[in-house]
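The values are calculated or read from the model by the stated rules, or taken from the named source; none is laboratory data. Because the structure is a prediction, the values reported are computed rather than measured. Cβ: placed from backbone, ideal geometry, glycine included. Neighbour counts: every protein chain shown.
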Amino acid sequence: MSRKKSRSAKTRGTPIVLPQSLLGSKSSPDAGALAAAQHKQIQDMIDLLKRNHLTELEIERAGVRIRVRHEVAVKTVSATVTDQGSAGGPALSQPAAPASVPAEDTTGLITITSPIVGTFYRSPSPDADPYVEEGDYVKKGQVLCIVEAMKLMNEIESEVDGRITKILVESTKPVEYGQALFLIDPKATP
Amino acid sequence: MQPSSPLNVHSIRSLSAAQALGRRIELYDRIGSTNREAFALAQQDVEHGTVVLADAQTEGRGRLARQWFSPPGVNLYCSVVIRKAPGADRLAEWLSWLPLMTALAAAESIETVAGAPVLLKWPNDLLMGDRKIGGILCESGQAARSGPFQVIGIGMNVNGDRDDFPQELRESATTIRHETGRPVDRNRLLAQFLSELDVCVEELARQGSERVALAYRRRCSTIGKSVKATLTDGGEFTGVAEAVGGDGSLTVVRHPLPADGRPPEIQHFRVADIVHLRS
């Protein structure tokens, strides 16, 4: 695979074997606006810089010189992105938490939250019945919903025995990391 | 339908270089769904790398319970139990990249064995030309005793005829043999896939997503293309796919650009059906 490259060139001053894509074509490039391909080349350079723990990388080819610098004090080079244009940062910038951490609020209800940014589903498939309805009694470990991200379907389970008092999100809607999905009354008994 | 050499566990093991994946392989002539079986086994605490493989599926399924065409004797239907999830601080990264990385491993293995180019459509569709030759469905769950696990499911259309697909799939699906004109040894293809996936899983678990992301971006044919994204709630967004982010999301810039020079709308998708538009 292409990513199995030598990782030996970690120290400054050592020549790095650059992927061919970084060097571009031999024909004279347009020195004007950045083409999409050049944009990708710069992104590749940034990745290369980070991967090899370098502080500076400069490439000159057919009259075009690109220099990428990495301030050591700064942890990451690339900017982070927000998710689906809505509020909240991307999954990676947030401290991830185990699924459905139970959090008891002042009313004594347990809040089940989403462990990832994704899409909320109340049923295993569009035509199937919902896993749970408001008013249902659930057991610890019972599946309450699915949150999908990147075609990975995450089953979210209840961490407590109790009764679903509120379902806070509509099926197929996007959810944020840590967003409340269900309220469960742990004191209720069937 | 063309005959294809039978699936054979010893053959797969002898051809595979995988350390962990495939140490245990459960081979079925016919099964409901390999993902469902692997999920059930994971809940019963089977070891990391356990593979469920079937010659045919009666209830093969994809995302949102869409049916996966699973005739006997010609294709690969395979699910792998993964128990390598890192701690809470890197869990989101792990879950985000696992499905994308699986597509990377599959694309590499198909190219190696079939000797023909494979396009990778974000997040994890495998295409030859503009038709689908493979799909991936990952699931994540929790076992009472052995804790969190993931199941990686993959279906590859290997040696069938395109005419065998149901009418509604013929325009969007194809097989490796149809595209290359040569049948492929399914045992060899699966062994190659397990070998590639084994390396990727170790890399993602130990080093994080950096190198996996770099390799994925090189491979992903969606970047730079005009696309239409259909969201789960039915909404649509048309634009140019500019990048795959550090969290695996797809950045799409709305096109056409606003005529009054205002900045264009930009979306970062984590869940969407993407269609590559001809432009």
Residues located in region B:128-178, provided they are among the acidic types (Asp, Glu), in contact with a helix residue (DSSP H, G or I) (Cβ under 8 Å, 6 or more places away or on another chain) and either surrounded by fewer than 19 Cβ atoms within 10 Å (Cβ to Cβ) or farther than 25 Å from A:GLU157 by Cα (or both): B:ASP161
Qualifying residue in region B:210-223 (condition: in contact with a helix residue (DSSP H, G or I) (Cβ under 8 Å, 6 or more places away or on another chain), modelled with pLDDT under 95, among the charged types (D, E, K, R) and within 20 Å of B:LYS132 (Cβ to Cβ)): yes
Residue in region B:155-173 that is under 29 Å from B:PHE269 (Cα atoms), within 14 Å of another protein chain (Cβ to nearest Cβ), at pLDDT 95 or above and not in a loop (DSSP other than H, G, I, E, B) present: yes
Selected residue (criterion: surrounded by the most Cβ atoms within 10 Å (Cβ to Cβ)) from residues of region A:162-181 that are part of a loop (DSSP other than H, G, I, E, B) and touching a Phe, Trp or Tyr at 6+ places or on another chain (Cβ under 8 Å): A:VAL169
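Results for (1) surrounded by fewer than 22 Cβ atoms within 10 Å (Cβ to Cβ); (2) out of contact with any His (no Cβ under 9 Å at 6 or more places or on another chain); (3) closer than 30 Å to B:ALA144 by Cβ, shown as yes or no for each residue.
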position: B:ALA20; (1), (2), (3): yes, no, yes
position: B:GLU26; (1), (2), (3): yes, yes, yes
position: B:ASP29; (1), (2), (3): yes, yes, no
position: B:ALA38; (1), (2), (3): no, yes, yes
position: B:THR50; (1), (2), (3): no, yes, yes
position: B:THR58; (1), (2), (3): yes, yes, yes
position: B:ARG63; (1), (2), (3): yes, yes, yes
position: B:GLN67; (1), (2), (3): yes, yes, no
position: B:PRO72; (1), (2), (3): yes, yes, no
Qualifying residue in region B:223-237 (condition: within 21 Å of B:MET128 (Cα to Cα) and away from chain A (no Cβ under 12 Å)): yes
Hits in region A:116-135 - residues which are more than 7 Å from chain B (Cβ to nearest Cβ), in a loop (DSSP other than H, G, I, E, B) and crowded, with 18+ Cβ neighbours inside 10 Å: A:ARG122, A:TYR131, A:VAL132
Verdict on A:GLU155 being in contact with a Gly (Cβ under 7 Å, 6 or more places away or on another chain), crowded, with 16+ Cβ neighbours inside 10 Å and either within 12 Å of chain B (Cβ to nearest Cβ) or assigned to a loop (DSSP other than H, G, I, E, B) (or both): yes
Whichever residue in region B:204-218 is in contact (Cβ under 8 Å) with a residue 60 or more places away in the chain and surrounded by fewer than 20 Cβ atoms within 10 Å (Cβ to Cβ) and, among such residues, is nearest to the other protein chains (Cβ to nearest Cβ): B:GLY208
Restricting region B:100-136 to residues that are at the interface with chain A (Cβ under 8 Å from one of its Cβ atoms) and free of Cβ contacts under 8 Å to residues at least 60 places away in the same chain, the residue that is nearest to B:PHE269 (Cα to Cα): B:ASN124
Scan of region A:136-147 for residues that are within 11 Å of chain B (Cβ to nearest Cβ) and either in contact with a Cys (Cβ under 6 Å, 6 or more places away or on another chain) or farther than 15 Å from B:SER140 by Cα (or both), ordered by number: A:LYS140
Residue in region B:104-123 that is surrounded by fewer than 19 Cβ atoms within 10 Å (Cβ to Cβ) and part of a helix (DSSP H, G or I) present: yes
Residue in region B:57-80 that is over 17 Å from the mean Cα position of the chain (by Cα) and hydrophobic (A, V, I, L, M, F, W, C) present: yes
Residue that is surrounded by the fewest Cβ atoms within 10 Å (Cβ to Cβ) [pool: residues in region B:251-279 that are under 22 Å from B:CYS220 (Cβ atoms) and more than 14 Å from chain A (Cβ to nearest Cβ)]: B:ARG278
Contacts under 8 angstrom Cβ, first residue in region B:18-34 being more than 12 Å from B:SER70 (Cα to Cα), partner surrounded by 16 or more Cβ atoms within 10 Å (Cβ to Cβ) and among the basic types (Lys, Arg), 6 or more apart: none
